[in-house]
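A short write-up of the structure that comes next.
The values are calculated or read from the model by the stated rules, or taken from the named source; none is laboratory data. Just so you know, these numbers come straight off a predicted model, no measurement behind them. As a convention, Cβ positions derive from the backbone with ideal geometry for all residues, glycine included, and neighbour counts pool all protein chains shown.
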Amino acid sequence: MRSRLVKLSEPVELVERQIWLWHKRLEHASFGYLKKLFLSLFSSLDVSSFQCDTCELAKSHCVPFPLSSNKSLVSFSLVHSNVWGPAKIATPTGARWFVTFIDDYTCMTWVSLLKTKGEVSSRFQQFYQMVEIQFHARIQVFRFDNGGEFLNHDLNQFFQDHGIIHQRSCPYTPQQNEVVERKNIHLLEVVRASLFGANMPRYFWGEAVVFAAYLINRIPSTHEENRESTTAPILDFFPQYVTLHQNDRLPVESNQSPPLSSSTTENLLQNNRLPADSDRLPKKNDQLSPRCQNQEEEIEPFYEILPASAPVPH
């Protein structure tokens, strides 16, 4: 390779031609990389003097959006929302989507599972009533993307009746709705970690995303001061986990299926399918609590347990 390189005494035009030849041979490698490979070729030439139109077309990227400096000063003055889905595997209750509501001031998150995207309108109205009763506040601005689930007559009429300003991002521009987009990424990362770490079947993703929102709302964050001033009762509520003695556990009913073994669960995750009755291997003295047995129980719309009274937001 080195024997084919031109000598330093060669004209500059011949040196440039040699550089361009190697640039194309190496599938448009950067000229900075070529300078490290062929120091002799760039002894009298600068890397900045080379400009490749093909590289600009093939390697161009979108300019990053600037960070927004507009931040809400009051709880629920601005609420971000987005719908994620559909999931390839439905939950035991048939949900394939979930809608996220995020308060811009505290970054508190509420998640609701959906069987169809048409349920978004009713879930937002329920969320609005919950905020009004529990926090003595009203949603002023509701920001979402241009999804069709938010653009319907019932929801638009609800906005007009309650004086809510609805803001929509530009089509195919999720950067303008980055608050909820990044939150969905965070939720799904926690969901995957919890399912993989516990060897749980994938159809429990609905329960996992609800738990992820519950957990994220209570871990420290940069918005901790805003959270404490507005949602202290929520942050102070923690479930009490109790391990039952073996003699105090209720026996498994005859019509209930025993739990899946770890090997069977791993096999189901790899094959991406729901368990059948033959997958469940009974073990001696296996016992479940009644709450774990009823997997077909209908899920409530929202998964934040709120106190009877909450402070007025500052």
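Determine, yes or no, whether F159 is touching a residue at least 40 places away in the same chain (Cβ under 8 Å) and either acidic (D, E) or in a helix (DSSP H, G or I) (or both). No: the conditions fail for F159. Taking residues in the stretch 211-230 that are in the same structural domain as V111 (by TED's automatic domain parsing) and β-branched (V, I, T), and partners anywhere that are modelled with pLDDT under 60 and not in a helix (DSSP H, G or I), the pairs with Cβ atoms closer than 8 Å and at least 6 places apart or on different chains are T230/P311; T230/P313; T230/H314.
Where residues in the stretch 47-62 are hydroxyl-bearing (S, T, Y) and modelled with pLDDT of 85 or more, which of them is farthest from the chain's Cα centre (by Cα)?
Narrowing the stretch 47-62 to residues hydroxyl-bearing (S, T, Y): 48-49, 54, 60.
Checking which are modelled with pLDDT of 85 or more leaves us with 48-49, 54.
Values: S48: 41, S49: 44, T54: 35 Å.
Ranking the candidates gives S49 first.
For the stretch 139-146, the condition holds for at least one residue, the condition being that it is in contact with an Asp or Glu (Cβ under 9 Å, 6 or more places away or on another chain), assigned to a loop (DSSP other than H, G, I, E, B) and β-branched (V, I, T).
Number of residues in the stretch 77-107 that are buried (at least 20 other Cβ atoms within 10 Å of the Cβ), farther than 25 Å from T173 by Cβ and among the hydrophobic types (A, V, I, L, M, F, W, C) equals 1.
Picking from E119, E132, which residue would you name as being crowded, with 16+ Cβ neighbours inside 10 Å and in a helix (DSSP H, G or I)? Can you show your working first?
On the way: E132 fails: crowded, with 16+ Cβ neighbours inside 10 Å.
Being crowded, with 16+ Cβ neighbours inside 10 Å and in a helix (DSSP H, G or I) holds for just one of E119, E132, which is E119.
Checking T100, T91, T116 one by one, the residue that is among the hydroxyl-bearing types (S, T, Y) and either without any contact (Cβ under 8 Å) to a residue 24 or more places away in the chain or not assigned by TED's automatic domain parsing to the domain that holds Y172 (or both) is T116 and no other.
Is at least one residue of the stretch 67-82 within 18 Å of V210 (Cα to Cα) and touching a Phe, Trp or Tyr at 6+ places or on another chain (Cβ under 6 Å)? Break it down into steps so the answer makes sense when it comes.
Initially, the stretch 67-82 is screened for residues within 18 Å of V210 (Cα to Cα), giving 80-82.
Remaining after also requiring touching a Phe, Trp or Tyr at 6+ places or on another chain (Cβ under 6 Å): 81.
Yes, the stretch 67-82 has at least one match.
Scanning the stretch 38-63 for residues that are touching a helix residue (DSSP H, G or I) at 6+ places or on another chain (Cβ under 8 Å) and surrounded by fewer than 10 Cβ atoms within 10 Å (Cβ to Cβ) returns a single hit, S44.
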